[in-house]
Every structure is written in C-alpha cells, then in structure tokens.
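Structure first, then comments.
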Amino acid sequence: MVRILLGAVLLTGVFLLLVRALRSYRRYKNELVVTCPETKREVGVAVDVKRAAVTGSVRLTDCTRWPEKQGCGQECLAELEASPESCMVKKRLETWYEGKTCACCDKGFGYIRWHEHKPALVSPDHKLLQWADVPAEEMSKVLETCQPVCGTCNFAENW
C-alpha cells in the first residue's frame, strides 16, 4: 500500500513538473518584443526556452541590440515575466487586426490562421509588406502607419 501511495505521489510530481515545463516552453518559444529599459524603445528578443522549461528561470539568448549590448543586465526580463502574452508578437498582431477591415477587399478580420494565408500590411506608399520583413523594433511604428491586408488578398498579390 505504501509503495502505491509513493508511486502515485511520484507520478503526480513528475506530471506537475512536465506541465510547468510545457507551459514555460509554450510561453517563451514565440517571437517576443519588449521595451529596452536603457533606450525606452522596442527590441526583439529570444528566450532560452530549454532553460525556462527545465529551471523556470528566464534568460535571453538573443536581442536586436546584441552583440554590442550583449553584456547588459537583461532588465527587460521584468516586463517579459510580468506579462509574457503582451510581449508575444503574434498576440500583439492579432489584437491589432481585431476589428479592422482589409485595405484591399474591405472584409473584416476573424481568426487569423498564421500557418495558412498570413495577413500582411500596405504601407502609406501602397507597398505590400510581409511581417517577416518587419524588424521587431519597427513593429509599433508600422502598426501606426500601415493598413491591414487579409491573408487572401496577400496571397493573391504574391501569387
């Protein structure tokens, strides 16, 4: 009976550790944007997802200000740890597209299927921009000046 109880406790502990590791991995595997405390400007960052999943501690593996500022204290992690979802590029973009209509076909945006026809943007000078071509540190400026383009129109324009 004691062995069964110890086995159940052990399995529960392993399960909880795996859930925590998976949650950390899913939270930090995405493209992230934070505000650099030094410059007060947005920068793109990448987190060591393996370390976050295994230990729960968060460290950067890349930043758009590196290699010049690679030795920084990584104070931006406070923003990331406080609200990881608000730092996710896809989450920010989904929020931006919400309630808008396509600049080409005037169709409203619903659920965005990032793995199929990705939405894009049209710049003030009427050029089609892909999100892959927009540096993370330029994202806020682009969102202020560009119009949304749905995935279908983006696909049609790039065909």
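Some notes on this structure:
- Phi-based couplings in Hz for region 64-74 (Karplus 6.51, -1.76, 1.60; Gly and Pro marked x): 5, 8, 8, x, 4, 10, 4, x, 5, x, 6
- For region 67-115, the orientation-averaged shadow of the C-alpha convex hull comes to 5.8 nm² (one quarter of the hull surface).
- Lysines whose Cα lies under 18 Å from that of K69, excluding same-chain neighbours fewer than 8 positions away: K40
- Vicinal HN-Hα couplings computed from phi for region 29-42 (Karplus, 6.51 cos²θ - 1.76 cosθ + 1.60; Hz; Gly/Pro x): 6, 7, 5, 10, 10, 10, 8, 5, x, 6, 9, 6, 10, 6
- Over the chain, Cα pairs under 8 Å with separation of 6+ residues give a relative contact order of 19 percent.
- Alpha-carbon spread of region 38-83, three principal axes, descending order, Å: 30, 22, 16
- Kyte-Doolittle mean at least 0.0 and Cα axial length at least 20 Å: DSSP H helices in the chain: 2-28
- Across region 94-154, Cα pairs under 8 Å and at least six residues apart give a relative contact order of 43 percent.
- Calculated mean residue ellipticity at 222 nm for the chain: -12500 deg cm²/dmol, from DSSP H runs with n ≥ 4 weighted as -39500 (n - 2.57), summed, divided by the residue count and rounded to 500.
- On the beta carbon distance between S86 and L18, with R0 = 35 Å, the FRET formula returns roughly 0.85.
- Residue order, fewest to most beta carbons within 10 Å, for M1, M88: M1, M88
- Estimated translational diffusion coefficient (Stokes-Einstein, Kirkwood radius over Cα pairs, 4 °C, 1.567 mPa s) of the chain: 72 µm² per second.
- Rg(Cα)/(2.2 N^0.38 Å) for region 2-87, N = residue count: 1.40
- For A103, nonlocal amide neighbours, meaning residues 5 or more places apart or on other chains whose placed amide H falls under 5 Å from its own, are V149, C150.
- Taking amide H as placed 1.01 Å from N in the peptide plane, L32 has its amide H under 5 Å from the amide H of V45, V89, each at least 5 places away in sequence or on another chain.
Bear in mind that the values in this text are calculations on the coordinates, not laboratory data. Quick caveat: nothing in here was measured; it's all calculated off a predicted structure. Cβ sites come from the backbone with ideal geometry, for glycine too, and all protein chains shown count toward neighbours.
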